[in-house]
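Below is one structure; the comments refer to it alone.
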Amino acid sequence: MDPALLRRFERTRPTRIIPRVPDESVAQSIWARDIYQALKQSNIGQVAYVPDAGHKELIQLCHADAAMRTVPLTTEEEGVALVAGGWLGGARGVLLMQSSGVGNCINMLSLIEECRFPLLMVVTMRGQWGETNPWQVPMGQHTAGVLDQSGVIVQQVDTAGDLGLSVAAAAQMAFVSSRAVALLIGQRVIGAKKFE
């Protein structure tokens with residue numbers, strides 16, 4: 001870093017760090033479109049999701065696409081079975097969820113591991129950078145480890161500009177190698193939510 005810039009930063013740095021909450025209506029629309037385009041290019045025809053503010057724009061884009069079948073779920077593990085069944089029927093799918101839902105999938109992930117079904121998960125993270133909801137922190141801190149211990153290949157993305165390419169690469173890995181791949185979108189990308 002430029003020493004002059006560093007000195008100026010040191011002089012203006014606040015004593016208490018307050019996480020910047022991005023304007024989700026602008027930032028999310030940009031990276032959601034990148035993810036949507038990557039899903040389209042990967043021939044994803046089925047989108048299973050539990051409603052989540054972090055995926056809001058992406059879910060809306062998928063709903064608007066007649067070539068994509070969107071399926072709202074009541075719980076995340078339903079999505080694991082739905083996407084596996086879709087694969088057996090010749091459709092590629094993706095499971096969208098928040099990190100707090102990963103714990104609900106543990107038992108169903110054994111199906112993917114034993115049968116070698118491809119599974120692409122795009123997970124928005126909570127319990128990380130700037131989190132203010134204490135209930136989100138435990139699972140947010142253990143999501144990657146839980147997935148790894150369940151046989152899922154984990155890829156973390158903390159820069160919005162990398163999301164499109166990262167989703168395309170994760171989809172390729174999942175569908176070519178018949179593996180479970182989870183792409184974790186860091187909370188720095190989606191922003192810290194206020195919890196009062």
**Prompt:** If you go through the range 118-160, how many residues are crowded, with 20+ Cβ neighbours inside 10 Å, outside any strand (DSSP E or B) and modelled with pLDDT of 85 or more?
**Reply:** 3
**Asked** Of everything in the range 143-195 that's of a type in the set (S, T, N, Q) and under 13 Å from the mean Cα position of the chain (by Cα), which residue is farthest from Ala84 (Cα to Cα)?
**Response** Thr159
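Kindly evaluate Leu73 against the criterion of being out of contact with any His (no Cβ under 7 Å at 6 or more places or on another chain), of a type in the set (A, V, I, L, M, F, W, C) and closer than 21 Å to Ala180 by Cα.
yes
Which members of the range 89-117 meet the condition of being surrounded by fewer than 22 Cβ atoms within 10 Å (Cβ to Cβ), in contact (Cβ under 8 Å) with a residue 24 or more places away in the chain and not aromatic (Phe, Trp, Tyr)?
From the range 89-117, those surrounded by fewer than 22 Cβ atoms within 10 Å (Cβ to Cβ) are 89-92, 103-104, 106-108, 110-111, 113-117; that's our starting set.
If we keep only those that are in contact (Cβ under 8 Å) with a residue 24 or more places away in the chain too, we end up with 91-92, 103-104, 106-108, 110-111, 113, 115-117.
Answer for the range 89-117, where residues must be surrounded by fewer than 22 Cβ atoms within 10 Å (Cβ to Cβ), in contact (Cβ under 8 Å) with a residue 24 or more places away in the chain and not aromatic (Phe, Trp, Tyr): Ala91, Arg92, Gly103, Asn104, Ile106, Asn107, Met108, Ser110, Leu111, Glu113, Cys115, Arg116.
Take the residues in the range 33-91 that are β-branched (Val, Ile, Thr) and not in a loop (DSSP other than H, G, I, E, B); name whichever of them is nearest to the chain's Cα centre (by Cα).
Going through the qualifying residues, I end up with Ile35.
The values are calculated or read from the model by the stated rules, or taken from the named source; none is laboratory data. Small disclaimer: the values here were computed from a predicted structure and weren't measured. For neighbour counting, all protein chains shown are included, and Cβ atoms are generated from backbone atoms with ideal geometry for every residue, glycine included.
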